[in-house]
Amino acid sequence: MTADRQTVQNDTTLPAANEGAEGDKTPGASGVAALDRAFSILFAFRPGDYALTLAELAARTGLYKSTILRLAGSLIQHRMLFRLEDGRYQIGAAPLMLGALYQRSMRLGDVVLPHMRALAEATGEAVSLYIRERDVRVCLHRVDSNHSIRDHVREGDVLPLERGSGGRVLCAFSGMQGATYDAIRRDHYYVSIGERDRETVGLSVPVFGAQQALRGALCLAGPASRIDGALLQSWRVPVLEHAAQITSTLGGDPAPLRLAAQLISKT
């Protein structure tokens, strides 16, 4: 019998008084506190983990092994966790089912439009979300500037893929090769001045979904007569931060976008 299996068996016999030391008998422990602890067990699993021992879960969550054993029983019953024969734990089937339901019910516009409106209000300029369709880009969502002089793009408009900040970002994160695209992948943003239209400037960042699949390019754009390069540069951090929040909601990893924003803030 392995040490881990012995630990599991021994911990199941711990007296209830030991659990009282953790505050499990305090008001609310059977409700919100118990849920928080259960979620901490689930979120202790990291990308690349196959299975975790009881000791590893305890180290990552800071919970007593007796608490983990009790909560794990409920999580297993609801298929949130699965216990292997050697006593280790894996994520169960239920999160996959919930994830599939989430993906089917999630509408991109519901997620991105609140952020687009916030950016448009903060900057006074138009914000668009572009997606790639083969060799062109399509404006999927749009929040217009309230200025009479503005970048005129409408939802459904088809634009060149390799000109303008939105197209450049889509190319970069679709695997296009070249020094320009290497720099975009490194910085997670691109500023264009007069590329698509000599009177238009733009700043774009990528938005990702589950498994870091590219979901689109978030683009802030306006007329060069009102926006200079310095102003566009000052908008990099807020645009990256909104893209990170969108990415997180869509199931992607926001860390690269947040790191890019942090690096800019330090310069």
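For the stretch 22-35, a residue qualifies if it is surrounded by fewer than 16 Cβ atoms within 10 Å (Cβ to Cβ) and either in a loop (DSSP other than H, G, I, E, B) or modelled with pLDDT of 95 or more (or both), and the qualifying residues are GLU22, GLY23, LYS25, THR26, PRO27, GLY28. Taken together, ASP197, ASP187, ASP157 contain a single residue that is surrounded by fewer than 22 Cβ atoms within 10 Å (Cβ to Cβ), in contact with a strand residue (DSSP E or B) (Cβ under 7 Å, 6 or more places away or on another chain), farther than 30 Å from ALA100 by Cα and among the acidic types (Asp, Glu), which is ASP157. Scanning the stretch 168-184 for residues being assigned to a helix (DSSP H, G or I) and open to solvent by 50 Å² or more (accessible area, probe 1.4 Å) gives a total of 4.
Summed over the stretch 202-219, the residues that are on the phi > 0 side of the Ramachandran plot and in a strand (DSSP E or B) give a count of 1. In the stretch 172-196, the residues that are farther than 16 Å from LEU161 by Cα form no Cβ pair under 7 Å with any partner that is of a type in the set (D, E, K, R), whether six or more places apart or across chains.
The sole residue among LEU240, LEU259 that is farther than 18 Å from GLY109 by Cβ, loosely packed, with under 14 Cβ neighbours inside 10 Å, of a type outside the set (Gly, Ala, Ser) and modelled with pLDDT of 95 or more is LEU259.
The values are calculated or read from the model by the stated rules, or taken from the named source; none is laboratory data. Predicted, not measured: the structure shown is a model, and the values here were computed from it. All Cβ positions, even for glycine, are placed from backbone atoms using ideal geometry, and neighbour counts span all protein chains on display. Just so you know, the surface numbers come from the protein's heavy atoms only, side chains and all, with ligands and any DNA or RNA stripped out. Shrake-Rupley method; radii C 1.70, N 1.55, O 1.52, S 1.80 Å.
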